[in-house]
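The values are calculated or read from the model by the stated rules, or taken from the named source; none is laboratory data. Here the structure is a predicted model, which means the values were calculated and not measured. Reconstructed Cβ throughout: ideal geometry from the backbone, glycine too, with neighbour counts over all protein chains shown. Calculation scope for accessible area: heavy atoms of the full protein, side chains included, ligands and nucleic acids excluded. Shrake-Rupley method; radii C 1.70, N 1.55, O 1.52, S 1.80 Å.
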Amino acid sequence: MILSIVIPFCDNDYQFLDGAVSSIKKHVKFDDYEIIAVDNREKDKSLINISNVKVVSKGYNLGCLDGRRFGVSYSQGTFIWNFDADDLMIGDL
């Protein structure tokens, strides 16, 4: 695995997660990557399932920095890319 993309999300930016993941899948032009979404939601505890995305959670909000660290602990990539749930990738990689 060459690239792990870690995306922490919480209640406020959960609504943007699908757009962020879709933009990554559209613009990353190689297959050797993984997306790890770190669930930091406090209100909605429902399980989420996004195709080809590893969703991890401790069951409570870790905050941004510790959420990223938690996501990295699940990564298999040589390189780590921190992405936010409200970001969109607009150019090809």
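Remark: the range 1-88 carries 58 Å² of accessible area per residue (probe radius 1.4 Å; ligands, DNA and RNA excluded).
Exposure check, 1.4 Å probe, all protein chains in place: Y14 carries approximately 80 Å² of accessible surface. Amide H contacts for D13 (H built 1.01 Å from N in the peptide plane; partners 5 or more residues away or on another chain; cut-off under 5 Å): none found.
Rolled with a 1.4 Å probe across the full set of protein chains, the surface gives M89 an accessible area near 20 Å². Across the accessible surface of the range 5-93, with the other protein chains kept in place and a 1.4 Å probe, carbon and sulfur atoms take up 50 percent. One entry in (1) 7.9; (2) 6.2; (3) 5.3 is mean projected area of the Cα convex hull in nm² calculated from the shown coordinates; its label is (3).
Residues whose amide H falls under 5 Å from that of A37, counting only those 5 or more places apart or on a different chain, are I7, K54, V55, V56, with hydrogens built in the peptide plane. Look at where the Cα atoms of the range 1-59 and of the range 65-93 average out, and the two centres are 9 Å apart. For the range 44-93, rounded, prolate or oblate, judged on the Cα gyration tensor with a ≥ b ≥ c (square roots of eigenvalues), a/c < 1.5 rounded, else prolate if a/b > b/c? Prolate, because a/c is 1.5 or more and a/b exceeds b/c. Using a cut-off of under 18 Å, list every residue of the range 19-35 whose amide N is near the label point 7 Å from the Cα of V72 along the Cα-to-beta-carbon line. Of the residues in the range 19-35, 34-35 have backbone N under 18 Å from the label point off V72.
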